[in-house]
């Protein structure tokens, strides 16, 4: 049956009629941004109605409550991710800023010209462009861990690349296009560490969707965005190992990140505050904690099994359509994302037709993963992505619509 | 016990360890930018017996909670091995007060002297 894991009332947006003929919304774009449950929205409203205030700046009751909610969120997120201590959790504006901070706050100080950063080809641009930028400015070398046309990182080439003694390896936990964890990811991380490299992991598609254990993964940096885990946009996290954090310098200056400022200079505050200049997205931090609490109560294992089952149903269904090719390796469990191409029809045209005539929301394009698409020798794809509120009927609606569209009997735009 | 407890006010108004040690061996300063507190701590460390704190004092501008907590902390660390003083944390100080309840916004006021102590004895 594969019904929603949440009460229907948690997501009233799913009652919207969005197609030209008033079709029910079929939301299959959760990897871009997940829907926000009512419980999280209530928490945000409660925060603004009762405690709205800045943090760490006043001694009045509202400031106290606001500071408490904000720092409680940090402690909860640290615990949720098994980070070790709340001081290792830096709040950012999203995974992209988190990964840029790895480049700006860590690599720009810890690395020297000529040092190598290895970037896996299945990364999102967030874990690619920041390294290109730093290479241009600081003379770092960017090496690539190639992705085969089968959607698997080239292990032989990886071992050869390690001989160059990279200082950082940039990996993704779950590809935002392929939807799966690379086979042997743990070994990759272990190899990287044995070679003396630090590891930056983009966990934007895994946190809130499956169990994620920062200490178990043994990475130095882990980034995610709240809006992909049923939280609000504009908020994210960078979790750091104690060793890596000790090598970081603040990149942004301003209020909240200093202990002392004078004409002669400034003294930064202790971490993590020295990395959080200005007033942060307080309500979004509270919302993120609430969203993670919700999936934690539900059970991350159950959630992962649910979304994997939906992906399996989709992959099996697509296999019956000779004009459709699913991207990536066969036989690997896709957590919440399936991307595919349709012979003879551009992904944007598919996406537009699905939206206008079937009320189905999917994403089309390169999904901020151009090197990945180049490695798979396809310029763009259609991506369907699910979450705990997605259902078997959503997948069936997509399969039925694609069958009509590809058979030429589909409703025309 | 709350931040406006008479014991805190009394200690803040008449601290036992306020002033500048003439013959200090270690010192450091620190600020709490959120409320403007700015303190300097002074320690005279005796290297005998593995190193212990013989004398300590503080000076500067701070709120009642910060002044009183600094004074209480120095009360405790005088005579203490340096390593033991290093191990003191926020919870230790709250316990010393007898279970002080302090919210997140004022925690920095209690922690300031602890942070400076760590800095001074590490230097």
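Each reported figure results from applying straightforward, stated rules to the coordinates on display, with no laboratory input. All values reported here derive from a predicted model rather than from experimental measurement. Here the Cβ is made from the backbone with ideal geometry for all residues, glycine too, and neighbour counts use every protein chain on show.
Over the protein assembly as shown, DSSP H runs of length four or greater, each weighted -39,500 (n - 2.57), average out per residue to a 222 nm ellipticity of -11000 deg cm²/dmol.
Averaging 1/r over each pair of different alpha-carbon atoms in segment A:65-114 and inverting the result gives 12.5 Å, the Kirkwood hydrodynamic radius. Among A:220, B:31, a tally of other beta-carbon atoms within 10 Å of each Cβ gives an order, fewest to most, of B:31, A:220. Here the alpha carbons of segment A:39-187 define both size measures, Rg and Dmax, at 19.9, 60 Å. Running Debye on chain A with equal point scatterers at the Cα sites and no solvent, what base-10 log of I(q)/I(0) appears at q = 0.14, 0.15 Å⁻¹? Summing over Cα pairs of chain A leads to -1.25, -1.38.
Taking 7 Å steps out from each Cα toward its Cβ at residue A:333 and residue A:380 produces label points 3.3 nm apart.
Once you order the gyration tensor axes a ≥ b ≥ c over the Cα atoms, which shape class does segment A:345-413 get: rounded for a/c under 1.5, otherwise prolate or oblate by comparing a/b with b/c?
oblate
Each residue in A:222, B:96 was given a count of other beta-carbon atoms within 10 angstrom of its own, and listing them fewest first yields B:96, A:222. Simple spin-label estimate for residue A:38 and residue A:82 gives 3.4 nm between the two label positions (7 Å along the Cα-to-Cβ direction from each Cα).
With R₀ fixed at 60 Å, the C-beta to C-beta distance from residue A:21 to residue B:80 puts the FRET efficiency at about 0.15. Treating the angle as unsigned and between 0 and 90°, give the value, to the nearest 10°, between the Cα long axis of helix B:64-77 and the longest Cα principal axis of chain B. Helix B:64-77 and the main axis of chain B meet at about 30 degrees. Can you give the FRET efficiency for residue A:190 and residue A:249, using 1/(1 + (r/R0)^6), R0 = 35 Å, r = Cβ-Cβ distance, to the nearest 0.05? Step by step, r from the Cβ atoms, then E = 0.80. Label zone (residue A:110, point 7 Å along Cα-to-C-beta; backbone nitrogen cut-off 11 Å) within segment A:229-246: A:240-246. Here, segment A:191-303 yields an orientationally averaged convex hull projection of 8.5 nm² when only Cα atoms define the hull.
The Stokes-Einstein estimate for segment A:236-284, based on a Kirkwood radius over Cα pairs and taken at 25 °C with 0.890 mPa s viscosity, is a diffusion coefficient of 209 µm²/s.
Computed from the alpha carbon positions, the gyration tensor of segment B:24-67 leads to an equivalent ellipsoid with semi-axes of 26, 9, 8 Å, biggest first. Here the scattering of chain B is modelled by Debye summation over its C-alpha atoms, one equal scatterer each and no solvent; at q = 0.10, 0.21 Å⁻¹ the log10 of I(q)/I(0) is -0.26, -1.19. The angle between the Cα long axis of helix A:129-138 and the longest principal axis of the Cα atoms of chain A comes to about 40 degrees, rounded to the nearest 10.
Strictly greater than 13 Å: what percent of every Cα pair in segment B:58-110 meets that? Percent of Cα pairs beyond 13 Å in segment B:58-110: 60.
Remark on segment A:239-339: Rg and Dmax equal 22.6, 70 Å (Cα only). Okay, which of segment A:115-137 sit inside 12 Å, backbone N to the point 7 Å along the Cα-Cβ direction of residue A:164? Those under the cut-off are A:115-120.
Considering only B:14, B:105, B:83, the Gaussian network model of chain B with Cα springs below 10 Å gives its largest mean-square fluctuation to B:105.
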